[in-house]
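The values are calculated or read from the model by the stated rules, or taken from the named source; none is laboratory data. Fair warning: this is a prediction, and the values are worked out from it, not measured in the lab. For neighbour counting, all protein chains shown are included, and Cβ atoms are generated from backbone atoms with ideal geometry for every residue, glycine included. Side chains included, ligands, DNA and RNA excluded: accessible areas come from the protein's heavy atoms. Shrake-Rupley method; radii C 1.70, N 1.55, O 1.52, S 1.80 Å.
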Amino acid sequence: MLVYKICKISDIADVDIKSTYELLSDSQTAYLRSLNHTKRNQSLAVRALLKTVLQNNFEGICVSQLSADCKGKPYLLDSNIFISLTHSGDYIGCAVSDNAV
């Protein structure tokens, strides 16, 4: 199954962004704090979008499992689910699949 979603950052409710931030690991929050304001907003919004896609389509998988490999490619720890995250300007997107994305 492949699920993808693209939207404007402004379409993500502040409450969803706040609740997503609270789920992130210490290393993820440290990474986000290192970013400038624009990149931080984009990164938080795309994580909130990923959280919604996971909750609605992939039972038992949580955004708190998000990590990155040595090249910065995101993946979900302890999961056979593949993800792709993107953000540019006012837009964000994610794809989630049980096959490589």
Across region 54-68, which residue is modelled with the lowest pLDDT among those that are open to solvent by less than 60 Å² (accessible area, probe 1.4 Å) and in a loop (DSSP other than H, G, I, E, B)?
C62
Could you identify the single residue in K71, K51 that is open to solvent by less than 30 Å² (accessible area, probe 1.4 Å) and of a type in the set (D, E, K, R)?
K51
Collect the residues in region 74-87 that are within 12 Å of the chain's Cα centre (by Cα) and either touching a residue at least 24 places away in the same chain (Cβ under 8 Å) or assigned to a loop (DSSP other than H, G, I, E, B) (or both), keeping them in residue-number order.
I83, L85, T86, H87
Filter result (in contact with a helix residue (DSSP H, G or I) (Cβ under 7 Å, 6 or more places away or on another chain) and within 13 Å of Y4 (Cα to Cα)) within region 87-101
I92, C94, V96
